[in-house]
1. Calculate one ³J(HN,Hα) per residue across region 46-55 by plugging θ = phi - 60° into the Karplus curve 6.51 cos²θ - 1.76 cosθ + 1.60, and present them in order as whole Hz with x for glycine and proline.
2. So if each residue of separation counts as 0.36 nm, and I subtract the Cα-Cα distance between Lys72 and Ser47, what length gain in nm does that give?
3. How large is ³J(HN,Hα), in whole Hz, for each residue of region 80-92 in order, when computed from phi with the Karplus curve 6.51 cos²θ - 1.76 cosθ + 1.60 and θ = phi - 60°, using x for Gly and Pro?
4. Aspartates and glutamates near Lys72 by alpha-carbon distance under 18 Å, same-chain residues fewer than 8 away left out - which ones?
5. Mind listing the phi-derived Karplus ³J(HN,Hα) values for region 66-78, rounded to whole Hz, using 6.51, -1.76 and 1.60 with θ = phi - 60°, and x for any glycine or proline?
6. Can you tell me the mean projection area, over all orientations, of the convex hull of region 1-73's alpha carbons? Units nm², please.
7. Suppose every K and R has +1 on its Cβ and every D and E has -1 on its Cβ; what is the size of the dipole of the chain about the Cα centre, in Debye to the nearest 20?
8. Give a quick list of trypsin sites (Lys or Arg not before Pro) in region 39-74 that DSSP marks as loop, anything other than H, G, I, E or B, with at most 10 other Cβ atoms within 10 Å.
Amino acid sequence: MYQFQLEFQRKERIFKTYIFLFILAALINVALFLVDINSRYPMFRCSISLLFFCTILYFGLRRKIWAVLIIKSFVWVHLLLLIIISLSFIFI
């Protein structure tokens, strides 16, 4: 099935937005792992999560379907958590 130029550009822009939000959420997670005072091994936890995020990002940029699904779910879960946290600040 053929795609028109505008449809391809729209899908590409959406994909790049997901990639940007994934990188942003991954960096925030890594920063929170480093700041965590109660953790026994923050550097180990941070390095494992960075390895996982980089692996998913690598395969996501290669357009593997399973990696793109993980990236999309990761972004949506973090957006949902952001909404829940912001609502908790409003009602508390």
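1. 5, 5, 5, 5, 4, 4, 5, 5, 5, 5
2. Full-extension gain reported as 6.8 nm.
3. 5, 5, 5, 5, 5, 5, 5, 5, 5, 5, 6, 8, 10
4. Glu12
5. Karplus-based 3J(HN,Hα) across region 66-78 equals 5, 6, 5, 5, 5, 5, 5, 5, 4, 5, 5, 5, 5 Hz.
6. 5.5 nm²
7. 280 debye
8. The qualifying sites are Arg40, Arg62, Arg63.
Read the figures in this text as sums done on the coordinates, not as results from a lab. Only a predicted model underlies this, so the values are computations on that prediction, with no experimental measurement involved. Note that we place each Cβ from the backbone using ideal geometry, even for glycine, and neighbour counts take in every protein chain shown.
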